[in-house]
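The values are calculated or read from the model by the stated rules, or taken from the named source; none is laboratory data. Computed from a prediction, not measured in an experiment: that's the story for all the values here. A quick note on method: Cβ atoms are made from the backbone with ideal geometry, for glycine too, and the neighbour counts reach across all protein chains shown.
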Amino acid sequence: MSNQEMNKREFLKQGLAATSAITCSPFMSLAGEPDEKLWKWSKEGLYWSATPRGSKCLICPNECIIKEGEAGLCHNRINHNGVLYSVAYGNPCAVNIDPIEKKPFNHFLPGSRAYSIGTAGCNLACMNCQNWTISQTSPKETRNYDLMPDKLIEQTIANNCQSVAYTYSEPISFYEYTFDSAKLAREQGIKNVLVTAGYINEEPLRNLCKYIDAARVDLKSFSNDIYMKLSAGSLQPVLNTLKILAEQGVWLEIINLIVPEWTDDPEMIKRMCNWLAKNGLANYPLHFDRFHPEYKLTQLSATPIAILVKAREIAIAEGIKYVYIGNVPGLDAQNTWCPKCHDLVIERRGFSVLQRNLIKGCCTKCGEKIPGVWE
């Protein structure tokens, strides 16, 4: 075994920095030899159709019609000889072992570890994206790891991780890799968690739900106009995703990043929370996250903490039972409190769990059932 291969394996075992990343050549056969036909890290798309104008992708609401030799808006679906392929298969550019709280999940296996992977590409184009250097480019432009689904599950088990997290960019854009990996993980008793913007069509979502245990969904705004201007998407498909995930029994946690001048209107926050409560989502955690200047919005200031506190108060008044504030260390709003007796159920500091006052998912003081996946 070469030193390079040993270094790569050591990285995958430890989940450390990408010092041993491999740079993918444009075209490779499965044997690693040059091939003029197809890239090694390619797989035919699961949802597409042929049209006179090109291959139409049916994974997400963008429904790109992709001409021969070109790529879709997510940067990782190509038309090759009239067939739609994903070029983000088994080649993540980000691999780490993370605490589940980093995703963030507050009601899903607290204190556990997730083997976290992400490829380049995203089907949205958020102006505030924290990972824009990988989300707004193609897998052919990043330094990647050769980590096919079977190897991914081997590494997850070897590193004693309880789940695989599909994260960092957008797992919907590397759908085939997510789907096949999640199916293998389920067979091995490993949980699957999706960190997503939820911008996906109904049929592929329902199929993926068969293997997903939890999803953290970014609800970026409650205005369709703001969705388009801020993220190049639309609101209704995300609302549909939230309802389908809950219907399919996938544990759900919702993130609303409060961006000054964009998503900080109290009336819009109230309408959003009212919709969540009326659509049976009041028992799922809602996280209000603090914005920090990123990417194309560096001219803005960070979200004032007072606005985050006000948003939490609005959510609770509208009937949301578990409301958190993220990206602000030290607040009590990072902890879980019993909605009945108001006793402390889970105390957190950063991504660490300091204490758990739960027995079989119930508050130890009053016995109130706390919704979540605890074991």
Subset tally (residues that are surrounded by fewer than 18 Cβ atoms within 10 Å (Cβ to Cβ), touching a Leu at 6+ places or on another chain (Cβ under 9 Å) and among the hydrophobic types (A, V, I, L, M, F, W, C)) for the stretch 283-332: 4
Members of the stretch 115-130 that are within 20 Å of N192 (Cβ to Cβ) and either of a type in the set (A, V, I, L, M) or surrounded by fewer than 24 Cβ atoms within 10 Å (Cβ to Cβ) (or both): I117
In the stretch 246-269, the residues that are free of Cβ contacts under 8 Å to residues at least 40 places away in the same chain, crowded, with 22+ Cβ neighbours inside 10 Å and part of a loop (DSSP other than H, G, I, E, B): none
Long-range neighbours under 6 Å by Cβ, at least six apart or interchain, first residue under 17 Å from M272 (Cα atoms) and at pLDDT 95 or above within the stretch 201-228, second basic (K, R) and not in a loop (DSSP other than H, G, I, E, B): F222/R271
Hey, S49 closer than 21 Å to P204 by Cα and either at pLDDT 50 or above or buried (at least 18 other Cβ atoms within 10 Å of the Cβ) (or both) or not: yes
Test for W275: is it part of a helix (DSSP H, G or I) and either buried (at least 18 other Cβ atoms within 10 Å of the Cβ) or not charged (D, E, K, R) (or both): yes
Residues satisfying the stated conditions in the stretch 281-340, i.e. part of a loop (DSSP other than H, G, I, E, B), among the small types (G, A, S) and closer than 30 Å to K365 by Cα: A282, G319, G330
Per-region count, the stretch 351-369, residues touching a residue at least 24 places away in the same chain (Cβ under 8 Å) and under 17 Å from E101 (Cα atoms): 4
The stretch 343-375 - residue that is within 22 Å of the chain's Cα centre (by Cα) and part of a loop (DSSP other than H, G, I, E, B) and, of those, surrounded by the most Cβ atoms within 10 Å (Cβ to Cβ): G372
Pairs, first in the same structural domain as C209 (by TED's automatic domain parsing) and in contact (Cβ under 8 Å) with a residue 12 or more places away in the chain in the stretch 233-245, second of a type in the set (A, V, I, L, M) and assigned to a helix (DSSP H, G or I), C-beta under 8 Å, six or more apart: S234/M228; T241/L205; L242/L276; I244/L205; L245/L205
Neighbours by Cβ (under 6 Å, 6+ apart or cross-chain): first from the stretch 284-301, closer than 20 Å to M272 by Cβ; second of a type in the set (S, T, Y): P285/Y322; H287/Y324; R290/T303; F291/T303
Count of the stretch 58-108 residues which are within 16 Å of Y177 (Cβ to Cβ) and part of a loop (DSSP other than H, G, I, E, B): 13
